[in-house]
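A.B. asks: Structure in structure tokens, see below.
The values are calculated or read from the model by the stated rules, or taken from the named source; none is laboratory data. Just so it is clear, the model here is predicted, and its values are computed rather than measured. Backbone-built Cβ (ideal geometry, glycine too); neighbour counts: all protein chains shown. Heavy atoms of the whole protein, side chains included, go into the accessibility calculation; ligands, DNA and RNA do not. Shrake-Rupley method; radii C 1.70, N 1.55, O 1.52, S 1.80 Å.
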Amino acid sequence: MKAVILAGGIGSRISEESHLRPKPMIEIGGKPILWHILKIYSAHGINDFIICCGYKGYMIKEYFANYFLHNSDVTFDMESNYVEVHHSKSESWKVTVVDTGEHTMTGGRLKRVGRFLGDEDFCFTYGDGVGNVDISRSIEFHRSHGLYATVTAVQPPGRFGQMDLEDTLVHGFMEKPKGDGGYINGGFFVLNPKVLDYIAGDDSIWEREPMENLAKDSQMAAFIHRDFWLPMDTMRDKVHLENLWSSRKAPWQIWE
């Protein structure tokens, strides 16, 4: 199975970093968040990736072009122009990096990589969010209901702590509880290629007409995920993810 990753947006809400690099290349623990997402999928046996590039996409191409070199011990013989690789920490990944346009919308990017997908179901997610989603179970769920689309439904983390009040008496405090009980689109989709017929073109926003029409046609089901999930929307989110990683308590690190 293939996994398509959206990696072409500018990331204006985290411009402190994204003015220098694509948002999926912003690092957590010394590795791009894109690397973390690929590791999540790889832990579930998915190693064939299609990266939808746009803004500063050349940096993503260069990252994978040099991945082997940067993760190996090497000797450079400058006189003979010879490189000897002593040790390699390679991944069992096949990565297709596709320029889907700098201003193309999310649905348009997916439509543009359709030629790489074939006729099989595929995974699809955003290049800026991590979670300990059970992707294997979501694929099983998708195949069990037979619809065109499965979206992972999550409850967004609360931004502020809450007070436990009875009238004006404070009984206690709750540290950043989940949202108001509603579920939102958490990415980590499993899709049938027929969803591409719901996308008009480059200006199509996946989260609007395509998803809305799939829902109207009763062709979308929700895979409920109640555990860790977080998008890296702001520097605040990046710092939080960095702290989790450095404390060795990153819930999304499901690989060895």
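A.B. asks: Going through Tyr82, Tyr67, Tyr58 one at a time, which residue ends up being touching a residue at least 12 places away in the same chain (Cβ under 8 Å) and among the hydroxyl-bearing types (Ser, Thr, Tyr)?
C.D. replies: Values: Tyr82 fails: touching a residue at least 12 places away in the same chain (Cβ under 8 Å); Tyr58 fails: touching a residue at least 12 places away in the same chain (Cβ under 8 Å).
None of the others qualify; the one that does is Tyr67.
A.B. asks: Here is a follow-up. Residues of the range 225-247 being open to solvent by less than 70 Å² (accessible area, probe 1.4 Å) and more than 16 Å from the chain's Cα centre (by Cα), which ones?
C.D. replies: Passing the criteria: Met235, Glu242, Leu244, Trp245, Ser247.
A.B. asks: Which residue pairs have Cβ atoms closer than 6 Å, lie 6 or more positions apart in sequence or on different chains, and pair a first residue in the range 158-171 that is farther than 24 Å from Arg226 by Cβ with a second residue that is at pLDDT 65 or above and among the charged types (D, E, K, R)?
C.D. replies: Pairs found: His171/Asp164.
A.B. asks: Let me ask you something else. Just to be sure I understand, how many residues within the range 1-54 are open to solvent by less than 10 Å² (accessible area, probe 1.4 Å), part of a strand (DSSP E or B) and of a type in the set (A, V, I, L, M)? Talk me through it step by step, then tell me what you get.
C.D. replies: Of the residues in the range 1-54, the ones open to solvent by less than 10 Å² (accessible area, probe 1.4 Å) are 3-5, 7-8, 14, 18, 22, 24, 26, 28, 32-34, 36-38, 40-41, 46, 49-53.
If we keep only those that are part of a strand (DSSP E or B) too, we end up with 3-5, 7, 28, 32, 49-53.
If we keep only those that are of a type in the set (A, V, I, L, M) as well, we get 3-5, 7, 28, 50-51.
Of the residues in that region, 7 qualify.
A.B. asks: Report every pair of residues separated by at least 6 positions or lying on different chains whose Cβ atoms are under 9 Å apart, first residue within the range 204-224 and touching a residue at least 24 places away in the same chain (Cβ under 8 Å), second surrounded by 15 or more Cβ atoms within 10 Å (Cβ to Cβ) and of a type in the set (Lys, Arg).
C.D. replies: Qualifying pairs under 9 Å: Ser204/Lys111; Trp206/Arg109.
A.B. asks: Here's another thing I want to ask about it. Just to be sure I understand, how many residues within the range 78-91 are over 19 Å from Tyr63 (Cα atoms), among the charged types (D, E, K, R) and open to solvent by 100 Å² or more (accessible area, probe 1.4 Å)?
C.D. replies: Residues meeting the conditions: 1.
A.B. asks: Now a separate question. I'd like to know if the range 102-109 contains one or more residues that are open to solvent by 70 Å² or more (accessible area, probe 1.4 Å) and modelled with pLDDT under 95.
C.D. replies: Scanning the range 102-109 turns up at least one residue that is open to solvent by 70 Å² or more (accessible area, probe 1.4 Å) and modelled with pLDDT under 95.
A.B. asks: Considering only residues of the range 110-142 that are basic (Lys, Arg) and surrounded by fewer than 16 Cβ atoms within 10 Å (Cβ to Cβ), which is nearest to Ile60 (Cα to Cα)?
C.D. replies: Arg115
A.B. asks: So, one more: Restricting attention to the range 62-77, does a residue exist that is surrounded by fewer than 13 Cβ atoms within 10 Å (Cβ to Cβ), on the phi > 0 side of the Ramachandran plot, in a loop (DSSP other than H, G, I, E, B) and not hydroxyl-bearing (Ser, Thr, Tyr)?
C.D. replies: So far as the range 62-77 goes, no, none of its residues is surrounded by fewer than 13 Cβ atoms within 10 Å (Cβ to Cβ), on the phi > 0 side of the Ramachandran plot, in a loop (DSSP other than H, G, I, E, B) and not hydroxyl-bearing (Ser, Thr, Tyr).
A.B. asks: Considering (1) farther than 20 Å from Thr125 by Cα; (2) acidic (Asp, Glu); (3) touching a helix residue (DSSP H, G or I) at 6+ places or on another chain (Cβ under 7 Å), say which one Asp99 fails and leave the rest.
C.D. replies: (1)
A.B. asks: How many residues are assigned to a loop (DSSP other than H, G, I, E, B) and within 30 Å of Ile205 (Cα to Cα) when one looks only at the range 82-105? Don't jump to the end; show me each part of the working.
C.D. replies: Looking only at the range 82-105, we keep the residues that are assigned to a loop (DSSP other than H, G, I, E, B), and these are 89-93, 100-105.
Imposing the further condition that a residue be within 30 Å of Ile205 (Cα to Cα) reduces the set to 93, 100-105.
Selection size over the range 82-105: 7.
A.B. asks: Kindly establish whether Lys89 is charged (D, E, K, R) and on the phi > 0 side of the Ramachandran plot.
C.D. replies: For Lys89, the condition - charged (D, E, K, R) and on the phi > 0 side of the Ramachandran plot - is not met.
A.B. asks: Name the single residue that is surrounded by the fewest Cβ atoms within 10 Å (Cβ to Cβ) among those in the range 211-224 being part of a helix (DSSP H, G or I) and not basic (Lys, Arg).
C.D. replies: We begin by selecting, within the range 211-224, every residue part of a helix (DSSP H, G or I); these are 211-216.
With the extra rule that they be not basic (Lys, Arg), the set shrinks to 211-215.
Numbers: Met211: 20, Glu212: 12, Asn213: 15, Leu214: 20, Ala215: 14.
The extreme case among them is Glu212.
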